[in-house]
Structure formats: structure tokens, C-alpha cells
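Step one of this worksheet: look at the structure below.
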Amino acid sequence: MPVTAPTSAGPLLQMSGIVKTFPGVRALDGVDLDVRPGEVHCLLGQNGAGKSTLIKVLSGAHQPDDGEITWAGESVALGTPMAAINQGISTIYQELDLVHGLTVAENVFLGHEISRGGLSQRTEARRRTRGLLERLGHSEIPAGREVGRLSTAGQQIVSMARALSRDTRLIIMDEPSAVLDQEEVHNLFRVIRDLTSDGVAVIYISHRLEEIREIGDRVTVLKDGRTVATGLDARETPTKELIRLMTGRDIEYVFPDRPDGQPDAATVLEVDGLALAGTFADVGFRVHTGEIVGLAGLVGSGRSEILETIYGARRASSGTVSVDGKMMRAGSVVGAVRAGVGLCPEERKSQGLLLDQAVYRNITMSSMARFSRAGFMDRTAERAAATELTTSLDVRPSGVDRAVRTLSGGNQQKIVLARWLLRDCRVLLLDEPTRGVDVGARSEIYALVRSLAARGVAVVMVSSEVPEVLGLADRVLVVREGEVVHEGPADQIDEHQVLDLVMEGSAA
């Protein structure tokens, strides 16, 4: 039976005994959830616990096989997404579903356009959009601007304005802070508090437990498709208890031990005077055998672009990249892969995976020649190699023939890493390796990265979470506005010093 905290106010939403089964998988197995008006109710669980399926049931995208949904005291059937929207339930997914090419106002009223006599009333739509943006504290966003020109944070605000344009009473936010910097997260929280003060309820999904403490009121925890705790106080429940409920065991944010220094380790990756016009300039560093180098800096500082330029996805305007003493051709991904360089990109779904292809093909796609026999692909060998890797990485659910799209974020990240494990790469570039990944999978990924380094792989990682950079890396480069403003051992600098550097750009 799930742990249930006492309640004192009637719920706006009550989900009882929700069951949802897919072929071979029971994704939800009797989930219970209640949400009160004006509260932030946090939904926690490991990747694959059932969070995404539950919010799709609530948003009308999936139909439950059993259970009851009560809305404002009445039993309802949310047969379609529009039925949920009409009830006052809006969902803001991690991958925002705005239409680039349309203006802010056009996106806000998409699907319920303001018209008179069959003619669109653009002026009125923009006026109402400005009112909604002002309510959200973002009157600086032009209603007539093309939405693709906005920052990710700005696009999130537009998604909220769209939700409010339909008289929303409950907003579901799926990992809303995943691509935001610290200042943008604080602003997001201000907007959420303003909404809840008006009586709007929020279901907030995040893997960052520190955020739950700051913004949440109550917490529900899912594990293996079941509710294991609900109605917990977000500020009073110990972090260890939340982790234990999610994973079924005690896990600390423990990073693998760093090995003893290797002063005479060979240099694997050399970056000299690397520049990308308008983005970063004169970047130079070395990475040795078995070393993990972390790049810390704000979103937009040039960190990701440095990795992409090393990988050849961007053509450097000047400078050189060498692997094992051999200079790589600028702007050539094929050359980088042949030289033994692998990249796990920031946006794994759009840049790192073929979502509708099988797990095994996503793993073998960078090693196709290995499985080619007289011009034909040996699928048996492909599946065997992929199965060995997914078993060792504990990818769930098992089965290499399923589409990657059906896996959770943490398991998708394991597939990207498995690709480069199969390739036996010399240099591994990791951009936000644990974004959208739960605490249990994070520990597994940290151990995997350290084990790769122990095999002699040179690792360069980017993370927006400074503790992650300091905990996993051996050496840290701090990047500010396209410049490296500090380089040194990770154990000789703390989080506050890093933040001072990225904000001020002064040497430590």
C-alpha cells in the first residue's frame, strides 16, 4: 500500500486505481494521485516509473484500461486531448510543441483562433496575448515576433500563455527546467507562484530534487507503475526518503572515486587556438589517457559549440584538433568518427537517436562496417552485439528490437553511450549526459563514464550542473562568453568559485 499523507482540502483532480497496459508492458498498475487547487504537486519517479504515461492519460492522449478520474468532484472521461483542454487541463511537455514560423500570438491561440465573420482577428489576438504575457510577468515578449526567434525560456512562457488562453485550471509541466539556466529557473518559479496564487494548480515533474524543495507543496512518488507514496510534504520529507521511495534502495549522490594521478599519461586529444566566429575564440586544452575534463559555464557560453566543433559538426574558423598526434580535418564528422571521436549530444532525441528505429540499429549505426558481410548487414550479429551491451548497461525494458522511442530518457541515454562503447572510441564528448535522467540512472551513468576513462578513453563533458562537473571530472575548464577563464583540478575549486567565474570572468 502506498504511503499517504493526510489531506485538509478537497481535490481539484482525483485519479484512482489508474491502469494502462501496452503490449508486453503494464505501464500503470493502479496509480493514485490527487491535486488541490492552487498547489504545486510534484510527481517523482525513476525513468520508466510511469510518469509520462500518467500525464498522457490525464491529458487525453492515452485511455486508461481501468480506474477513475474525478475532476472538480465529478467523474470524467478524457477521451481526447481536446476533451482534457476543455475541462481546463493543459500540458507543457519537455519538448515544446510550438510551431516555428508562426508568431507568438498565433501560437497562443492556435486551435481556437479569434475570428469574426470567418475572418481572423489578428489585432485582437495580439492584444489578448499581450495581456496574458503581462499576467505572466513577461510583457517584454512581442506578441508579433516569430516564436522560433525566442529563447527556450521565452518559448516556455509562450506555452504557459497558450494554456492560460483557455481558462486553464491545471497545468502539467514536464521537466520545465531541463534546458534553463539558474536565473531562468528562478524566473520560472516566480511565474508558477503567481499562477498558484490565482488558484491554478500545477503538476511539476523534475528529476532535480532541490527544485522539489523550492517550488513544491506536496509530492507523489511512482515506482514500477505504482504509487508508492502520495501527499508527502515537499519541504519536510528527507531527500534520502524520496530517493529510497523512487529506487527501492538508499542512494546518495555519490560520484565514483577518482583514480590516483597519472602524470606521465599520454595525451589523446589536443585542442589548439580553436575558434568559431561569433561564438568562442582561442580555446586550447589537452586531455590525457583516462582523464575526464569538464566544461562549466552558463547556457550560451559556448560550451556545447566547443564540443560540436571538436566533433566536426561545426567548421572551426581557426585552430586545430588532434587525436593521438594526428590533426583532424575541420568540419568533418566522418573524419572525427574514424579518428575515434564520439559525441553524445545535448538533444539526444533530435540529434543523437533515430527514435522510430530499433534499439540495436541505434547502437550499431556508427559501426556498420563491422557487421557488413559481402555487402549485406548481418542482423543476427548486430542484435547479438546490441544485446550484450544493453544487458551490461541494464537497459529497461529489455529487447533490442523495440523502437528507441518507447524507452525512458535515462535508457535512451544509455543507448547513445552503448553506440560509442561498441565503437571503442578514443575520445568521448558528453553534452549534458544526465539531463532528464533520474537519480538511480545518474549514478549508473557516472560509473559508466568513469569505467570508460579507466579503459583509457579521454572524456570531455559539459553540464549545466556545477556539482556534477566538479564531482565527475578530474580537471575543470570554466567558460564565459566564449573564453576559457579558468583551468585547474576539479578538487581545487568549489561551486561558489565556479559561479563567480562564470558571472565575472575573472581568474581564480
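Quick look at the values:
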{"item": "Amide hydrogen neighbours beyond the local backbone of Thr91, cut-off 5 Å, H modeled", "result": "Ile172"}
{"item": "Charge dipole of the range 359-424 about the Cα centre (unit charges at C-beta), most positive-ward option of Leu422, Ala403, Tyr360", "result": "Ala403"}
{"item": "Under 13 Å between alpha carbons - lysine pairs in the chain that sit 8 or more apart or on different chains", "result": "4"}
{"item": "Value at 222 nm in deg cm²/dmol, rounded to 500, when DSSP H runs of n ≥ 4 in the chain each add -39,500 (n - 2.57)", "result": "-9500 deg cm²/dmol"}
{"item": "Glu95/Ala384 FRET efficiency (R0 45 Å; Cβ-Cβ; nearest 0.05)", "result": "0.85"}
{"item": "Contour excess over end-to-end distance, with Cα ends at Glu347 and Asn86 and 0.36 nm allotted per residue", "result": "90.7 nm"}
{"item": "Of the DSSP H helices in the chain, those whose Cα atoms cover at least 15 Å axially and whose Kyte score averages -1.0 or more", "result": "152-164, 182-197, 379-392, 409-423, 439-454"}
{"item": "Listed residue (Ala77, Met246, Leu33) projecting farthest to the positive dipole end of the chain, Cβ model", "result": "Ala77"}
{"item": "Segment His112-Asp224, length gained on full extension (0.36 nm per residue, minus Cα span)", "result": "36.5 nm"}
{"item": "5 angstrom amide H check on Asp34, placed H, neighbours 5+ away", "result": "Met15"}
{"item": "C-alpha center-to-center spacing [the range 458-486, the range 366-390] in angstrom", "result": "35"}
{"item": "Calculated FRET efficiency for the pair Leu355/Ala313, C-beta based, R₀ 22 Å, to 0.05", "result": "0.70"}
{"item": "Model label zone, Phe22; criterion: amide N under 14 Å from point 7 Å along Cα-to-beta-carbon; scope the range 397-426", "result": "397-412"}
{"item": "Distance between modelled label sites at Ser398 and Glu124, nm, 7 Å Cα→Cβ extension", "result": "6.1"}
{"item": "Long-range amide H partners of Gly456 with built H, under 5 Å", "result": "Gly290"}
{"item": "Sparse-neighbourhood loop sites, GluC sites (Glu not before Pro) in the range 90-161 - DSSP loop, at most 16 other Cβ within 10 angstrom", "result": "Glu95, Glu113, Glu140"}
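Laboratory data are not the source of any read-out in this text; all were calculated from the coordinates shown. Keep in mind it's a predicted model, so treat the numbers as computed, not measured. Using ideal geometry, Cβ is built from the backbone for each residue, glycine included, and neighbour counts are taken over all protein chains shown.
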